[in-house]
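For reference, the structure discussed in these notes is given below.
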Amino acid sequence: MNVFTSIGRSARLCLFAAMATVAVPVSAQVIPQPQTIIPSAPQLAASSWILMDANSGRILAEHNSDERLPPASLTKLMTAYLVERELDRGTIKPDDMINVSEKAWRTGGSKMFIEVGDQVSVDDLLHGIIIVSGNDASVAMAEHLAGGEAPFADLMNQHATRLGMDNTNFQNATGLPSENHYSTAHDMARLSQHIINDYPEHYEIYSHRTFSYGGIDQPNRNRLLWRDPSVDGLKTGWTTEAGFCLVSSAKRDDMRLISVVMGTTSDEARAQETQKLLSYGFRFFETLKLYERGAVLATPRVWGGDINELRVGVDEEVYMTLPRNRNEELQARLNIDPDLQAPIAIGDEVGTLEVHLGDEVVGERRLVALENIEEGGLFKRLFDQVQRFFSGLISKFTD
């Protein structure tokens, strides 16, 4: 069964109700609207960059985004992500106290300034990793979570694979120069998307402008936190080999963007180039939430079940990013298996949802069963077989 209908901003609520009972294609007149003129994406003074919508995942601009480069302290995004994951799982608690080893204390580069033998809370170390890029804090956490920095790097790589970071390999928890330690702008954007969406209760830390520990006040090196009130993260990085790097995220109204720039020439340059990307994205694009998780989009016929109709929908929120002022051109097509048979379990895939903007497919999601349907009794199954046979014959004559 295919359903194709318009889903402009004003029509989305009506679509939910219409699709809950629709069994045949629905036509809808689409009034052409003047299209927004989208200029080419800005060209930046950087080795690599990407601009992504945090909800839809759509890439709005990129250059060399899959080129493997040294990520410097952007590495600590994965270190922090794993800490947040363990906090969410309950294997560690914010007030757990961690002993600082001599190795952690001796680690060079940017520091939180913890001392050998100190007992430091998980919460303080997480703030030190994110806000002031503490290499010492990163090593202390790696030792606590995995028994050492090498096994922690192995964990980092396993999770990078899980998150689809196909061009990333970590050798340490800090981003200090190391052979075969690399990532990409695209992979860092993916990781940032998970940081924002997987553990939102911890994301507020990334917006802090300063952090104080042991009587030492240090600023966050992300200049945009002072310049742009919509920016609330994420992380800076620098080494001689990597240049100046910055992963930022900003939210305006209901739209959140993630930008990554790698290999700029100065602290000021990475801020300015990032601002160009964010301004471009917010100026020319918008992101719409089309469907809530669990929204019923159709109720197709099911054969041989204890009930005749199945509630079908999406198992995740559906967002789409598109050029501004073109939302009235959106159309959705439901491609549902025309021969659904019981038993069916919640979560079983039964078709696909395609979102079209003109002739372009701008999004695709799987359609799933939103309820269980058990097999009907013997008489019900036999009756459905007969009905299904004659329904097939009628379809052949009417096609």
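Readers should treat all values here as calculations from the given coordinates under stated rules, not as data from a laboratory. Please read all numbers here as calculations on a predicted model, not as lab measurements. Reconstructed Cβ throughout: ideal geometry from the backbone, glycine too, with neighbour counts over all protein chains shown.
Of the peptides 365-377, 232-244, the order by per-residue mean of other Cβ atoms within 10 Å, starting with the highest, comes out as 232-244, 365-377. Residues whose amide H lies under 5 Å from that of Asp348, counting only those 5 or more places away or on a different chain, are Ala369; hydrogens are built 1.01 Å from N in the peptide plane. Each peptide among 334-340, 166-172 gets the average number of other Cβ atoms lying within 10 Å of its residues, and from highest to lowest they stand as 166-172, 334-340.
Compactness of segment 257-383 is given as radius of gyration and Dmax, 21.6, 76 Å, from Cα positions.
For the options Ser259, Ser207, Ser73, a Gaussian network treatment of the chain with springs between C-alpha atoms closer than 10 Å singles out Ser207 as fluctuating the most. At an R0 of 35 angstrom, the distance between the Cβ atoms of Ala45 and Ala150 translates into a FRET efficiency of 0.45. Taking the longest Cα principal axis of the chain as reference, the axis of helix 76-89 is set at about 60 degrees.
The C-alpha atoms of the chain define a longest principal axis, and helix 378-398 lies at about 80 degrees to it. Between Ser207 and Glu292, the simple label model (points 7 Å from Cα in the Cβ direction) yields a spacing of 2.4 nm. Exceeding 27 Å between C-alpha atoms, which entries from my cross-link table qualify? They are Lys103/Lys251; Lys251/Lys276; Lys93/Lys289; Lys76/Lys289. With Cα atoms farther than 27 Å apart: Lys103/Lys251; Lys93/Lys289; Lys76/Lys289. Considering only Ile346, Ile92, Ile114, the mean-square fluctuation computed in a Gaussian network model of the chain, springs between alpha carbons under 10 angstrom, is largest for Ile346. Take the Cα of Asp254, step 7 Å toward its Cβ, do the same at Glu375, and the gap between the two points is 4.5 nm. Dividing the mean sequence gap of close Cα pairs (under 8 Å, 6+ apart) by how many residues segment 55-129 holds gives a relative contact order of 28 percent. Counting only alpha carbon atoms, the long axis of helix 12-21 and the longest principal axis of the chain meet at about 50°. Once backbone amide H atoms are built at 1.01 Å from N, Gly363 has Val355 as its partners under 5 Å, excluding neighbours fewer than 5 places away on the same chain. To the nearest Å, what is the center-to-center distance of segment 201-219 and segment 301-320, using C-alpha atoms only? Segment 201-219 and segment 301-320 have Cα centres separated by 46 Å.
Considering only the Cα atoms of the chain, their convex hull presents on average a projected area of 23.3 nm².
Here the Karplus curve 6.51 cos²θ - 1.76 cosθ + 1.60, taken at θ = phi - 60°, turns the phi angles of segment 162-168 into couplings of 4, 8, x, 8, 6, 10, 10 Hz, with x standing for Gly and Pro. About the centre of its Cα atoms, the chain shows a dipole size close to 980 debye [charges on the beta carbon of Lys, Arg (+1) and Asp, Glu (-1) only; nearest 20 debye].
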